[in-house]
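Worksheet: one structure, shown below.
Please treat every number below as a calculation from the coordinates, not as lab data. Here the structure is a predicted model, which is why all the values come from computation and not from measurement. FYI the Cβ positions are ideal-geometry reconstructions off the backbone, even for glycines, and counts take in every protein chain you see.
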Amino acid sequence: MKLICPGCHKERSARMYLCADCWWLLKPWVRRALVKRDNLVSARLVLLRRQLASGIPVEEVEISA
């Protein structure tokens, strides 16, 4: 099954939230928040997907730790 990046709609790896190109477009603190493993990990992923679905460019996504 082909997985699609929600940021650019290109193919992405099954282990990643975004394709590598979009991942590196995120601000450093957003990347750190997304790789943090705690009880809020799923909430941060939902925030990422909601922002991208609403048309916010990858570079402007904001997620706090």
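List of remarks:
- Size of electric dipole in the chain: Cβ of Lys, Arg +1 and of Asp, Glu -1, about Cα centre, debye, nearest 20: 260
- Counting only lysines at least 8 places from residue 27 when in the same chain, those with an alpha carbon closer than 21 Å to its own are 10, 36.
- Among the listed options [x] -0.81, -1.00, -1.10; [y] -0.74, -1.00, -1.13; [z] -0.75, -1.08, -1.25, the one matching log10 I(q)/I(0) by the Debye sum over Cα atoms at q = 0.20, 0.24, 0.26 Å⁻¹ as calculated from these coordinates is [z].
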